[in-house]
Each structure stands twice: as structure tokens, then as C-alpha cells.
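Scroll down for the structure; my scribbles are underneath it.
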Amino acid sequence: MRTVFIADAHLQDPDDANYRLLLRFLDSLAGNTATLFIMGDLFEFWLGYRSNPFPHYVPILDKLAELHAGGIKIVYFEGNHDFHVGAFFTETLQARVFSGPTSLELEGKRFYLCHGDQINRRDYGYHLLRFIFHNRLTRALVPRVPAAVAIAIAERLGKRSKGSHPQRQQRWDYPAILREFAAARFREGYDVVISGHFHIPLLETAPDGKVLLCLGDWLTHFTYGELVDGRLTLNTYR
């Protein structure tokens, strides 16, 4: 049985090609996968409620429920587009949910796992925005925000994010930032660093066996990580 890692699908409309392809990929996990790690930004925007207020996400939520019912464990890392994920994931899917980076031991190795949005310490504007969305006051206010308001916020943030992404890639050397960050984690004793967020498919193994994996995305690359018998690979689904 394998462990699978995905990130950055930014799902919006069930008719979108990436949405349909991800549903097909999740279908392929039945019977051969022990754990699915969703490393953030599965949705273009998700603000957690006790019940799901976003009808366009019903197909993916139903598919995740099928996987859970079939015995696949789900681990969810909140990203910068999906946070305070709410009771559906912790109760209906019985998922482990992490609001930030964590350390886990998998197949005898020490993994540092994160969405990746906190890696670039020099992006001060984003870190301020993250603080606003992720603090306890915002979490407490979530149930009081009407779903229509949340959807309007989603559309506004989605347009802003897409518009700024090319500029951010030109401003920042993301592979270098990832390598610098991973090197620091390796010095702390980690064997593997896995990140999403940067939309860059990247798998590098150092001479000493330390591994850096950036998962790419499900918008243009359709990539995912796979751990089998201690070996980590980066694959493309078509």
C-alpha cells in the first residue's frame, strides 16, 4: 500500500478540466492507497463551516467521503486558500487536520510536512494577511459569516491571486528559497521535506539521501508524490 501526496488543485467549477481529472485520479486510489495527504489549497477558497455551504464542492467532498469509507486515511494541511476547514473534515472524514507545518515519521524516516506558504520569510505582506485569516478571532467569527459573503470573498481573492502569481514568480527565486529552507530542516535532523504552494514540481535527493519534494499543482502539472517502501517519487497523472 502506498502513501499519496497532492497539493494546489485550486478547485472551482466541477466542469473544469483539472476538477474532473482530480476526481478521476482519486478514483484510482481505491484499494491501493493507505493514506492521502492533501497539502493545502485543494480549493480555490474554503472557509470552514459545520456543514458545506459551497455546492460546487459537493463532487470532491463526496469523493473524499468514498475514499474514507473505503479505508483510506486522509490528512489535510490547511493552505492559504483553505483554512479553518471545519467539522466536515474532522468529523465526517475523521481526517487529521494541521493548520501549519508538522513533523511525522513515515516508513522509518522523519518528514517535515507543510503547505509551504510560510517558507518565504521575506514576503512580509503575505505573512500579515495570513495572520489576519488564521488567528483565533477569525476562527471564532467564521460561523457568523454568511455563505454568500464567503463566496464573494473567494471570488475576489481568486482573481487577486491569479493576477499576482506571475509577478511573484519573477520577483522570487522559488527553487532557491525551497532549497535553502530544506537545507535548514535537514540540519535539524529531518530526512524528507515535502511542500506545496509554489506550483513547482521538484524532487531532489542529496548524496546523503535527504529528499526535497515540492508537489507542483493540479492546474498545469497534475503532479503528485508517492511513497512506497521508503522510496519517494514525483509522478504526473494524465
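The values are calculated or read from the model by the stated rules, or taken from the named source; none is laboratory data. Worth saying up front: this structure is predicted, and the values here are computed from it rather than measured. Cβ coordinates were reconstructed from backbone atoms using ideal geometry, including for glycine residues, and neighbour counts include every protein chain displayed.
If I filter region 186-198 down to residues being at pLDDT 95 or above and surrounded by 22 or more Cβ atoms within 10 Å (Cβ to Cβ), which single residue comes out as farthest from the chain's Cα centre (by Cα)? So, considering only residues that are at pLDDT 95 or above and surrounded by 22 or more Cβ atoms within 10 Å (Cβ to Cβ), the one farthest from the chain's Cα centre (by Cα) is VAL192. Criterion applied to LEU215, LEU202 was being at pLDDT 95 or above and within 24 Å of PHE83 (Cβ to Cβ), and the one residue passing it is LEU215.
Being modelled with pLDDT of 70 or more and more than 28 Å from TRP172 (Cβ to Cβ) is a property that ILE151 lacks. Taken together, the criteria exclude PHE83 from residues that are surrounded by 17 or more Cβ atoms within 10 Å (Cβ to Cβ) and either free of Cβ contacts under 8 Å to residues at least 40 places away in the same chain or of a type outside the set (A, V, I, L, M, F, W, C) (or both).
Applying the criterion of at least 3 residues that are modelled with pLDDT of 95 or more to the strands (runs of 3 or more DSSP E) found wholly in region 19-124 leaves 33-38, 73-77, 102-106, 109-114.
Residues are listed down the side, and each one gets a yes or a no for (1) among the β-branched types (Val, Ile, Thr); (2) closer than 28 Å to ILE119 by Cα; (3) surrounded by fewer than 21 Cβ atoms within 10 Å (Cβ to Cβ):
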{"site": "ARG20", "(1), (2), (3)": "no, no, yes"}
{"site": "SER28", "(1), (2), (3)": "no, no, yes"}
{"site": "GLY40", "(1), (2), (3)": "no, yes, no"}
{"site": "LEU47", "(1), (2), (3)": "no, yes, no"}
{"site": "ILE74", "(1), (2), (3)": "yes, yes, yes"}
{"site": "PHE77", "(1), (2), (3)": "no, yes, no"}
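THR33 passes every criterion in (1) of a type in the set (Val, Ile, Thr); (2) surrounded by 22 or more Cβ atoms within 10 Å (Cβ to Cβ); (3) farther than 27 Å from PRO146 by Cα apart from (2).
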